[in-house]
Amino acid sequence: MYRSHVLVCGGTGCTSSGSEQIIGALEAEIQQAGLSEEVKVIRTGCFGLCALGPIMIIYPEGAFYSRVNPEDISEIVSEHLVKGRIVTRLLYDETVHKDEIQSLNETQFYKKQNRVALKNCGVIDPENINEYIAYDGYQALGKVLTEMTPDDVIQLMKDSGLRGRGGAGFPTGLKWSFAKASVNDQKFVACNADEGDPGAFMDRSVLEGDPHVLIEAMAIAGYAIGANQGFVYVRAEYPIAVKRLQIAIDQAKELGLLGKNILGTGFDFELDIRLGAGAFVCGEETALMTSIEGHRGEPRPRPPFPAVKGLFGKPSVLNNVETYANVPQIVLNGADWFRSMGTEKSAGTKVFAVGGKIHNTGLVEVPMGTTLREIVEEIGGGIPNGKKFKAAQTGGPSGGCIPASHLDIEIDYDNLLSIGSMMGSGGLIVMDEDTCMVDIAKFFLEFTVDESCGKCTPCRVGTKRLYEILDRITKGKGEMEDIQRLKELSAFIKENSLCGLGQTAPNPVLSTLNFFEDEYVAHIQEKRCPAGVCKDLLRYSIIEDKCKGCTLCVRVCPADAITGELKNPHKIDVHKCVKCGACIEKCRFGAIVKK
């Protein structure tokens, strides 16, 4: 029996910050202190507060150490684990209150969250099936196989109001019922763990922190629709997630929770992993299935829908990781419990990967209906450096920008669609006043152009033309007619593209035009970027009265564009200047301005 448990985040974010070195140093110091039989180090999944990694929590005290360095470990072990004195200077400052340590759940970041899909992330060792079982793991599967019929399971999903968390929010129970109704000798259950949106890492974190929940949920889905084979399609760029999922599959097979005659009920279910090469288009269900089959990932026309003719031409169900992660808890707690969270038409919670110009970057899970303001200002800690909130992009390249005027919008599927955005998989990029909205639209279009599979002309050619117009505008070569061209071309692409990638590709353009058309006009008519981002429209100059002639800017300029003698005002040659901004960063007197 251990008296202390040290939980260290082993997710990708903290691993890249050096958590493996932290774990190595911890184990060495604990052994040296003779505490190996008293203190256990556990590598967990993501805690959510990625901005503070590497993260470590010591129980039973619940001491939350953030931004831990290997050099800190000796002090933490000798003071906290040996002498029982918490090293308060290394704690997350919001948890320190006078003489007491505040619970992590009471901090601004966590107190408005409600973890359902992320329930076990940061709590259990994802490579130990016994820990998952200790937290009610596989009880839902047992209940389904021994107490419920397939129709009961599907009706429960319908009653719960669970909608797909990977894009358009199609009702999960309805999707499963279509697949069950299809008569065939073979059916399949598939999971979309490809997650190609820039800045999105929700599904990856569930796979890294709680892989058994996916296995259990997919087995339940298999039982419900009559399938005995499942496939998890995950990108090869997620090595930690792939490794832990394979470990979990192997462990489940060893305990008879996967394979033949599960729990002695006569139900068979096998699960295999298929690695993707990172193509964004493979997030579309038919393209994903085509890729699993071993072909180039291109979408197929619908109908027939996958519930009728999907993987290998057989009836199939496809959901993403977060959707599946809700299933076991719905089975155990009931439909009413799930509906008690969220809104009438969007039940439950939603996981967001919050990034961009915000203090607390990381994973948050909040009830549907939570306002954007609550996520940005309270959970996210607001915008750094005293800047103003300008917009938030939801849904990645398929979504749209939400301006400050809609900061109090309650986030659910229908509300986001009503203002030209969408839920998508849950990426949420926050932008401040220094962000150029024309440049943002151009960024997402560049991504879409690169990721288009090229199968249909509206997407392959149309997105390229959209990008060229945006590029022209950001270089000061746009015309007022370009605004109407963007709107007309966007409408054509949305109406005529084959799959969801093309149909939603114009969203960033349309939403920025809707809410920030004045910025487009400024770029075109005034040849000016209001945010000071578009390089071709910028000019750097030196204010003579402020310049001290220190020559620091001269030394850092990579283009030798700045001249001047020591202690005399300098000048910038606009023809040589590459507009890198190095001079502004180094000037200590505010003498260099960007216009």
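The values are calculated or read from the model by the stated rules, or taken from the named source; none is laboratory data. The structure displayed is predicted, hence computed values, not measured ones. Glycine also receives a Cβ, built like all others from the backbone with ideal geometry; neighbour counts cover every protein chain displayed. Accessible surface areas use protein heavy atoms only, side chains included; no ligands, DNA or RNA. Shrake-Rupley method; radii C 1.70, N 1.55, O 1.52, S 1.80 Å.
Okay, here's what the table says:
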read-out	value
Segment 122-163: number of residues that are open to solvent by less than 10 Å² (accessible area, probe 1.4 Å), more than 20 Å from Thr265 (Cβ to Cβ) and not in a helix (DSSP H, G or I)	4
Residue match in segment 75-91 (condition: within 22 Å of Gly380 (Cβ to Cβ), polar (S, T, N, Q) and over 26 Å from the mean Cα position of the chain (by Cα))	no
Which numbered condition Tyr324 fails, given (1) in contact with a Lys or Arg (Cβ under 8 Å, 6 or more places away or on another chain); (2) in a helix (DSSP H, G or I); (3) surrounded by 15 or more Cβ atoms within 10 Å (Cβ to Cβ); (4) not acidic (Asp, Glu)	(1)
Single residue of segment 351-378 satisfying the filter (out of contact with any Asp or Glu (no Cβ under 7 Å at 6 or more places or on another chain) and among the charged types (D, E, K, R)) that is nearest to Leu49 (Cα to Cα)	Glu365
Residues of segment 274-305 satisfying the condition of being assigned to a loop (DSSP other than H, G, I, E, B) and open to solvent by less than 10 Å² (accessible area, probe 1.4 Å)	Pro299
Subset of segment 165-190 [among the basic types (Lys, Arg) and farther than 16 Å from Gly283 by Cα]	Lys175, Lys180, Lys187
Sole exception among (1) without any contact (Cβ under 8 Å) to a residue 12 or more places away in the chain; (2) touching a His at 6+ places or on another chain (Cβ under 6 Å); (3) of a type outside the set (Lys, Arg) for Val438, by number	(1)
Residue list for segment 416-438, restricted to those being surrounded by fewer than 20 Cβ atoms within 10 Å (Cβ to Cβ) and in a helix (DSSP H, G or I)	Leu417, Ser418
Residue in segment 387-410 that is farthest from Gln503 (Cα to Cα), counting only those that are in contact (Cβ under 8 Å) with a residue 40 or more places away in the chain, open to solvent by 10 Å² or more (accessible area, probe 1.4 Å) and not in a strand (DSSP E or B)	Lys387
Exclusive hit being over 16 Å from the mean Cα position of the chain (by Cα) and of a type outside the set (Gly, Ala, Ser), set Met202, Met218	Met218
Qualifying positions in segment 464-496 - open to solvent by 10 Å² or more (accessible area, probe 1.4 Å) and among the polar types (S, T, N, Q)	Gln484, Asn496
Segment 234-273, subset open to solvent by 50 Å² or more (accessible area, probe 1.4 Å) and among the polar types (S, T, N, Q), residue nearest to Met202 (Cα to Cα)	Gln246
Test set (1) among the small types (Gly, Ala, Ser); (2) surrounded by fewer than 23 Cβ atoms within 10 Å (Cβ to Cβ); (3) closer than 23 Å to Ser17 by Cα - Gly369 fails condition number	(3)
From the options Ile58, Ile101, Ile42, residue that is at pLDDT 95 or above and over 25 Å from the mean Cα position of the chain (by Cα)	Ile58
Top-ranked residue in segment 329-349 [being open to solvent by less than 10 Å² (accessible area, probe 1.4 Å) and touching a Ser or Thr at 6+ places or on another chain (Cβ under 8 Å); ranked as nearest to Thr12 (Cα to Cα)]	Gly348
Some residue of segment 379-386 being part of a loop (DSSP other than H, G, I, E, B), within 23 Å of Thr323 (Cβ to Cβ) and open to solvent by 10 Å² or more (accessible area, probe 1.4 Å)	no
Any hit, segment 556-571, residues being without any contact (Cβ under 8 Å) to a residue 24 or more places away in the chain, more than 30 Å from Gln393 (Cβ to Cβ), basic (Lys, Arg) and open to solvent by 60 Å² or more (accessible area, probe 1.4 Å)	yes
